[in-house]
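Everything below concerns the one structure shown next.
Values in this text are rule-based calculations from the coordinates and carry no lab data. Because the structure is predicted, anything quoted here is derived from the model rather than measured. Heads up, the Cβs are rebuilt from the backbone with ideal geometry, glycines too, and the neighbour counts pull from every protein chain shown.
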Amino acid sequence: MHKQIFVNLPCKNLPASKAFFEALGYHFNPQFTSEAGAGLVLGENLYAMLLTEEFAKGFTAKPLVDAKTATEVLVCLSCESREEVDQLVAKAAAAGGSVPRPPVDHGFMYAHGFEDLDGHIWELVHMSGTPPQC
C-alpha cells in the first residue's frame with residue numbers, strides 16, 4: 001500500500017501560512033519547500049503541501065475552491081490526548097485561525113478543530129475507545 005501522504009492545499013499568502021503552522025509547533029521539510037510551496041510535516045510520512053495559488057493551479061484545470069466560502073476537504077489528524085487537541089486548537093486561535101464550533105465528546109472520541117488562515121478545516125481527534133456497534 002501507500003507509504004506517504006501529501007495533502008495539497010492552496011494558500012493566498014505562503015509566508016503567513018508557514019508562520020501560522022510554525023506557531024502551532026509544526027515544521028517544514030526544506031527538501032519540499034520553495035517560494036511556491038512548503039512541505040508541512042504533520043507526522044511520520046504525513047505531509048501537507050502548502051502551495052501558492054498560482055503554483056496549485058498548475059496541477060488542475062479546475063478552478064480552485066475558496067476555502068473560506070466552500071469546503072473541498074476536511075483534514076483530520078489524530079492526537080495523543082484530549083489535552084493535545086485543546087492545545088492545538090488554542091494555538092491555532094492565538095495564531096490567527098478561527099474556531100468554528102465547540103468541541104464534541106462522543107464518549108469514545110473527542111473532537112475539536114480549527115480553520116487555518118485560508119479557511120481549510122483541520123479536525124483534531126483523540127480516540128479513547130472503540131465506537132459503538134451500528
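Would you kindly calculate the mean projected area, averaged across all directions, of the convex hull enclosing the Cα atoms of the chain, in square nanometres? Walk me through the numbers on the way to the answer.
Details: hull surface 38.7 nm².
Its average projected convex-hull area is 9.7 nm².
Phi-derived couplings, Karplus 6.51 cos²θ - 1.76 cosθ + 1.60 at θ = phi - 60°, listed residue by residue for segment 82-99: 4, 4, 5, 4, 5, 5, 5, 5, 5, 5, 4, 5, 5, 8, x, x, 10, 10 Hz, with x used for Gly and Pro.
Among the GluC sites (Glu not before Pro) in segment 20-128, those located in a DSSP loop and surrounded by at most 14 other Cβ atoms within 10 Å of their own Cβ are Glu35, Glu44, Glu72, Glu80. Here's the picture: a label point sits 7 Å out from the Cα of Ala23 along the beta-carbon direction, and within segment 72-87 the residues with their amide nitrogen under 19 Å of it are 85-87.
Rounded to the nearest 500, the 222 nm mean residue ellipticity of the chain from helices alone is -6000 deg cm²/dmol, with -39,500 (n - 2.57) taken per DSSP H run of at least 4 residues. Between Ala61 and Val99, residue separation times 0.36 nm minus the direct Cα-Cα distance comes to 10.5 nm. Here each label is just a point 7 Å from Cα along the line to Cβ, and for Glu44 and Lys68 those points are 3.9 nm apart.
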